[in-house]
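Report on the structure given below.
The values are calculated or read from the model by the stated rules, or taken from the named source; none is laboratory data. Predicted model, so just to flag it, every value in this text is computed and none were measured. Glycine also receives a Cβ, built like all others from the backbone with ideal geometry; neighbour counts cover every protein chain displayed.
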Amino acid sequence: MSNMKGKTVVITGATKGIGKAIAEKFASEGVNVAFTYNSNKEIGETIAKELSEKYSIKAKAYPLNILELDEFKPLFLEIDKDFDRIDFFVSNAMIYGRPVIGGYGKFMKLRPAKGLNNIYTATVGAFVRGSQEAARRMEKVGGGAIVTMSSTGNLIYIDNYAGHGTNKAAVEAMSRYAAVELGEMGIRVNAVSGGPIDTDALKAFTNYEEVKAETIKRSAVNRMGTPEDIAGSVYFLCTSEASWITGQTLIVDGGTTFR
Ligand SMILES: NC(=O)c1ccc[n+]([C@@H]2O[C@H](COP(=O)([O-])OP(=O)(O)OC[C@H]3O[C@@H](n4cnc5c(N)ncnc54)[C@H](OP(=O)(O)O)[C@@H]3O)[C@@H](O)[C@H]2O)c1
């Protein structure tokens with residue numbers, strides 16, 4: 001899509017999994033990529049180098065901890081120094097491991113003041129702060145598009161997923177509010193709700209093998225989802241082909257949710 005060339009996307013959490021596939025998709029279409037890492041600095045820098053060389057675009061990795069919402073302002077100020085415009089923002093990064101203790105688990109084990117709050121910050125808080133910073137820059141170039149990652153775990157029951165599922169429902173609702181209010185700035189806002197995708201995040205599920213087998217069984221196309229399956233949809237929502245789509249959630253689940 002030629003009108004994407006020379007534009008810039010900002011993606012949170014693109015060192016692996018879905019974020020990395022999104023970065024590669026935009027880069028392959030000639031879009032410059034500013035993305036963040038948290039623990040994997042070296043991997044982030046290597047990905048930036050590879051994308052720039054392979055697709056002749058500008059790519060750079062920046063540190064960001066989505067649990068520290070004050071980091072969004074300085075992050076975008078750094079990006080301003082390297083990129084002359086921001087057209088798209090993808091809120092993708094998600095916490096795992098220790099910070100989700102008390103948030104990932106059975107309902108009776110949820111701890112609102114700990115893991116559950118962290119999941120809210122990482123999901124809704126990070127979407128809000130990232131989108132606010134991005135929108136100010138998009139307005140200057142006449143508009144843009146924002147996509148947040150969601151999950152079908154807010155529509156169907158997944159073991160231990162109450163904390164994540166409810167916060168994905170919340171971020172979808174928040175994206176609809178943002179869509180209404182940012183529309184006058186020429187900015188569209190949508191969510192992509194993924195079914196189970198084979199990434200490290202899924203491998204961290206205590207019942208990973210079971211989820212994987214069940215996903216393949218349920219899928220109308222008899223396979224797991226891949227990061228690339230999601231990346232194509234995120235990219236589409238940012239193109240002019242999607243110019244009248246805003247305030248929506250696109251479900252990308254291989255047909256697993258209905259079954
Ligand atoms: N996998 C699935 O089945 C699935 C399904 C539907 C939706 N989703 C959603 O898709 C998104 C990406 O998921 P994924 O499976 O690709 O995850 P992943 O493979 O675990 O990757 C997570 C990314 O987030 C970054 N990250 C982790 N902790 C962070 C923190 N505190 N601050 C900032 N960045 C942090 C990681 O950076 P470092 O490597 O540098 O630490 C990494 O780039 C998430 O929003 C997830 O909920 C996933």
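The table below lists the values:
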| read-out | value |
| --- | --- |
| Single residue of the stretch 101-131 satisfying the filter (closer than 29 Å to Leu77 by Cα and of a type in the set (Val, Ile, Thr)) that is farthest from the ligand (Cβ to nearest atom) | Val128 |
| Selected residue (only one of Gly183, Gly153 is within 20 Å of Val100 (Cα to Cα) and among the small types (Gly, Ala, Ser)) | Gly153 |
| From Lys16, Lys25, Lys49, Lys60, residue being within 13 Å of the ligand (Cβ to nearest atom) and of a type in the set (D, E, K, R) | Lys16 |
| Residues that are within 14 Å of the ligand (Cβ to nearest atom), among the hydrophobic types (A, V, I, L, M, F, W, C) and in a strand (DSSP E or B), drawn from the stretch 174-206 | Ala191, Val192, Ile197 |
| Any hit, the stretch 232-244, residues being in a loop (DSSP other than H, G, I, E, B), of a type in the set (A, V, I, L, M, F, W, C) and either within 18 Å of the chain's Cα centre (by Cα) or at pLDDT below 95 (or both) | no |
| Where a residue in the stretch 152-164 is farther than 16 Å from Ile119 by Cα and its partner, wherever it lies, is of a type in the set (Asp, Glu) and more than 11 Å from the ligand (Cβ to nearest atom), with Cβ under 9 Å and at least six apart | Asp159/Glu210 |
| Selection from the stretch 217-231 of residues that are under 28 Å from Ser28 (Cβ atoms) and either more than 14 Å from the ligand (Cβ to nearest atom) or more than 14 Å from the chain's Cα centre (by Cα) (or both) | Ser219, Ala220, Val221, Asn222, Arg223, Met224, Gly225, Thr226 |
| Hits in the stretch 31-83 - residues which are within 19 Å of Gly130 (Cα to Cα), outside any loop (DSSP other than H, G, I, E, B) and among the aromatic types (Phe, Trp, Tyr) | Phe35, Tyr37, Tyr62, Phe72, Phe76 |
| Leading residue by the ranking (farthest from Lys203 (Cα to Cα)) among those in the stretch 84-100 that are away from the ligand (no atom under 15 Å from the Cβ) and either of a type in the set (Asp, Glu) or assigned to a helix (DSSP H, G or I) (or both) | Asp84 |
| Residues satisfying the stated conditions in the stretch 1-35, i.e. without any contact (Cβ under 8 Å) to a residue 60 or more places away in the chain and among the charged types (D, E, K, R) | Lys5 |
